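Just below is one structure, and these are the notes that go with it.
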Amino acid sequence: MKIVAVLCLLLAALPAIAQVSALPAPITTDPPEDKASPATMDQLILPSHGSLLNGLIYEAEGAGPHPVVILLHGFPGYEQNLDLAQSIRRAGWDVVFFHYRGSWGSQGKFSFANSIEDTQAAIDWVRDPKNAQKYRMDPAKIVLIGHSMGGFMAAAGGANDTKVMAVGMLAAWNIGLDAKRSAAHPNERKKELAAEIQPLAGCTADSLFAEMTAHADDLDYNRFAPKLKDRPVLVISTNDALRPLNELFADTMKKAGAQHLTYEHVSTDHGFNDHRIALEVLVLNWLDGLSK
């Protein structure tokens with residue numbers, strides 16, 4: 001009877017064992033120690049248009065040079081995905097993370113236009129030869145990955161800079177289409193914006209909604225499809241209100257002739273709160289495929 005009981009327990013555990021064995025190694029395993037070039041974390045003070053932005057850089061183990069992920073947070077950035085940053089670093093990538101102007105103590109005023117400029121400032125910072133040498137970065141291999149509003153910023157950054165290697169969009173917010181769909185109930189949308197802007201400076205719900213409305217076409221990430229169609233793009237949707245917009249973007253990319261589009265859906269909430277490992281698996285597998 002004891003043997004039968006043990007066998008039953010083992011059989012019951014098989015799905016879990018299989019699941020763990022299928023995980024990419026960087027999720028479960030630290031890299032071999034490299035005393036000459038260890039993994040480090042350093043403060044990042046990123047200059048952008050006269051302001052200094054708060055951030056950090058996770059430097060991967062090994063002599064490098066390492067490919068780089070610039071990880072872009074959303075609006076206002078409560079979920080910062082730093083667990084994802086750690087896994088990406090264990091996979092051999094440097095990860096640059098920063099707060100846009102006027103957010104989380106960074107200097108300046110927050111706006112969507114400023115955030116687009118700040119994203120380019122981060123790209124330029126990685127390409128600076130002094131920074132690339134100091135942090136063992138490969139400036140020719142930059143990938144932008146963003147969550148929510150950061151997904152829009154990743155798409156915009158990739159569209160504006162053709163040397164960006166690839167773009168990842170996680171439950172990405174289409175700011176422009178949101179503005180157009182909110183036109184019929186502006187006060188309700190402003191109230192939602194007002195509830196989220198505590199960590200932001202230099203803006204109000206009225207100013208942000210006015211910017212969204214005045215630049216709705218420019219802030220529609222579907223217009224970036226022609227400029228992104230020849231590069232790898234990862235789109236991950238969730239069970240949130242943005243899913244139809246993510247699906248529309250994937251369709252727009254296909255119609256534009258995209259040959260390197262990866263679309264995935266995760267059955268979870270906007271912040272991937274109960275599917276963090278699933279998110280890491282999808283992102284790490286996609287990044288691994290970029291080098292093949």
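Bear in mind that the values in this text are calculations on the coordinates, not laboratory data. The structure presented is a predicted model; accordingly, all values stated were derived computationally and were not measured. Here the Cβ is made from the backbone with ideal geometry for all residues, glycine too, and neighbour counts use every protein chain on show.
Observations, loosely collected:
- FRET efficiency for S207 and K227, using Cβ-Cβ distance with R0 set to 30 Å, rounded to 0.05: 0.60
- Gain in span if fully extended, T28 to Q43, counting 0.36 nm per residue against the direct Cα distance: 2.8 nm
- 13 Å beta-carbon shell around M253, net charge (K/R +1, D/E -1): +3
- Gain on full extension, evaluated as 0.36 nm per residue between E117 and H215 minus their Cα-Cα distance, stands at 33.8 nm.
- In the stretch 153-184, the trypsin sites (Lys or Arg not before Pro) that fall in loop regions by DSSP, at most 12 other Cβ within 10 Å: K163
- Sites K130 and T162, calculated FRET efficiency, Cβ-Cβ separation with R0 22 Å, nearest 0.05: 0.40
- Spacing of the modelled spin labels on A278 and L52, each 7 Å from Cα toward Cβ, amounts to 4.2 nm.
- Pairs with C-alpha atoms separated by more than 22 Å, drawn from the list K141/K254; K229/K292; K227/K254, are K141/K254.
- Straight Cα distances below 15 angstrom link K109 to the aspartates and glutamates E117, D118, D206, E211, with same-chain residues fewer than 8 positions distant left out.
- Per-pair calculated FRET efficiency, R0 = 30 Å: E196 and A63 via Cβ, rounded to 0.05: 0.10
- Relative contact order, percent, the chain [alpha-carbon distance under 8 Å, six or more residues apart]: 15
- Kyte-Doolittle mean at least 1.0 and Cα axial length at least 20 Å: DSSP H helices in the chain: 2-21, 276-290
- Neighbour-limited loop hits for trypsin sites (Lys or Arg not before Pro), the stretch 190-267 (at most 16 other Cβ within 10 Å; DSSP other than H, G, I, E, B): none
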